[in-house]
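To start, the structure itself, in structure tokens.
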Amino acid sequence: MIVPDPIVNIIDLILYYGKIKALEGIHLDIAKKKITSFIGPSGCGKSTLIRCLNRMNDLVEGVKIEGTVKIDGEDIYAPAVDVTELRRRVGMVFQKPNPFPKSIYENVVYGPRVQGIHKRSALDEICEKALKKAALWDEVKDRLRVSALDLSGGQQQRICIARAIAVEPEIILLDEPCSALDPIATAKIEDMLVELKTDYTVIIVTHNMQQAARISEFTGFFMHGELVEFDVTTEIFTNPHEKQTEDYITGRFG
């Protein structure tokens with residue numbers, strides 16, 4: 001399908017782990033400042049695909065990638081691409097919260113410090129802004145010197161989102177960010193993600209189909225490394241065009 005104002009263009013993307021083909025000719029455009037969800041059974045290629053968008057798969061031995069991935073029209077696999085800068089532009093939040101063993105404040109300002117920002121007033125402003133966007137400021141503003149490891153799981157995950165936001169990315173990738181969280185913490189993160197799309201493009205891998213239906217404008221369904229169907233979320237869930245999609249969302253398999 002044609003998406004409005006795409007920020008990501010994926011063209012005939014194929015990925016091998018050694019001799020195993022994990023992605024099979026993916027063609028996909030992702031809309032700017034919208035939420036796009038990827039759904040499908042475990043091992044279908046969802047997480048592998050989002051890791052292609054900030055070249056995290058470069059870190060995996062034996063990976064071979066063919067095809068093209070463009071962000072803002074730039075081929076991110078071109079030899080001249082600065083991968084560190086790419087990962088600033090395309091932030092990532094993982095399934096299990098992974099705050100650094102540092103204070104809340106130092107977690108959030110870690111990226112800006114690495115970028116060379118050391119002025120205290122600037123870091124204070126960045127910290128407050130990122131925590132507000134992550135819907136966490138009111139909960140931690142009086143505890144910024146407390147270790148992030150002392151927070152609840154849901155709060156730790158929002159710290160990780162604040163840390164990603166602090167370097168002002170264009171795109172935020174989230175790989176099952178709520179799978180380890182209770183329903184209340186999950187609802188807070190979902191509400192926050194809906195707010196974040198005002199400023200960022202959000203791409204989320206989720207096993208929770210209700211979550212995809214609640215928060216995303218577009219949804220892609222994957223099976224065996226192939227993108228089976230991609231459409232407006234309401235269409236995917238109410239009028240899927242492929243039998244595999246219908247079987248999955250109605251619980252016949254997966």
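For the range 26-55, give me the residue count where each residue is closer than 12 Å to Val69 by Cα and of a type outside the set (Lys, Arg). Residues that pass the stated criteria total 10.
Among the criteria (1) over 23 Å from Asp182 (Cα atoms); (2) among the acidic types (Asp, Glu); (3) in a helix (DSSP H, G or I), the one Glu139 does not fulfil is (1).
If you go through the range 58-73 and keep only what is touching a helix residue (DSSP H, G or I) at 6+ places or on another chain (Cβ under 8 Å) and modelled with pLDDT of 95 or more, you end up with Val63, Ile65, Val69, Ile71.
In the range 45-54, the residue that is surrounded by the most Cβ atoms within 10 Å (Cβ to Cβ) out of those that are closer than 20 Å to Ile215 by Cβ and among the hydrophobic types (A, V, I, L, M, F, W, C) is Leu49. Among residues of the range 75-127 being in a helix (DSSP H, G or I) and of a type in the set (A, V, I, L, M), the one that is nearest to Gly154 (Cα to Cα) is Ile104.
Could you list all residues from the range 39-57 that are among the hydroxyl-bearing types (Ser, Thr, Tyr) and modelled with pLDDT under 95?
Across the range 39-57, the qualifying residue is only Ser42.
A single member of Glu61, Glu66 is farther than 24 Å from Ala130 by Cα, charged (D, E, K, R) and part of a strand (DSSP E or B), and it is Glu66. In the range 30-38 there is no residue that is modelled with pLDDT under 95 and either surrounded by 15 or more Cβ atoms within 10 Å (Cβ to Cβ) or not hydroxyl-bearing (Ser, Thr, Tyr) (or both).
Only one of the listed residues (Ile171, Ile236) is among the hydrophobic types (A, V, I, L, M, F, W, C) and either under 19 Å from the mean Cα position of the chain (by Cα) or surrounded by fewer than 21 Cβ atoms within 10 Å (Cβ to Cβ) (or both). That residue is Ile171.
Taking the condition within 18 Å of Cys44 (Cβ to Cβ), modelled with pLDDT of 95 or more and not small (Gly, Ala, Ser), does Phe230 pass?
The answer is yes for Phe230.
Contact map, the range 109-127: first residue free of Cβ contacts under 8 Å to residues at least 40 places away in the same chain and surrounded by 12 or more Cβ atoms within 10 Å (Cβ to Cβ), second residue not in a loop (DSSP other than H, G, I, E, B) and not aromatic (Phe, Trp, Tyr), Cβ cut-off under 6 Å, separation 6 or more or different chains; pairs are Cys127/Val108. Scan the range 195-212 and tell me whether some residue there is outside any strand (DSSP E or B), touching a helix residue (DSSP H, G or I) at 6+ places or on another chain (Cβ under 6 Å) and under 11 Å from Ile35 (Cα atoms). No, because not a single residue in the range 195-212 is outside any strand (DSSP E or B), touching a helix residue (DSSP H, G or I) at 6+ places or on another chain (Cβ under 6 Å) and under 11 Å from Ile35 (Cα atoms).
When each of Thr186, Thr198 is tested for being of a type outside the set (D, E, K, R), in contact (Cβ under 8 Å) with a residue 24 or more places away in the chain and crowded, with 18+ Cβ neighbours inside 10 Å, the lone residue that passes is Thr186. Whenever a residue of the range 22-44 is more than 22 Å from Asn208 (Cα to Cα) and in contact (Cβ under 8 Å) with a residue 12 or more places away in the chain, its partners that are of a type in the set (Asp, Glu) and part of a strand (DSSP E or B), lying with C-beta atoms within less than 6 angstrom and at least six residues away or across chains, give the pairs Glu24/Glu226; Gly25/Asp12.
The values are calculated or read from the model by the stated rules, or taken from the named source; none is laboratory data. The structure presented is a predicted model; accordingly, all values stated were derived computationally and were not measured. With ideal geometry, Cβ positions are generated from the backbone for all residues, glycine too; neighbour counts draw on all protein chains shown.
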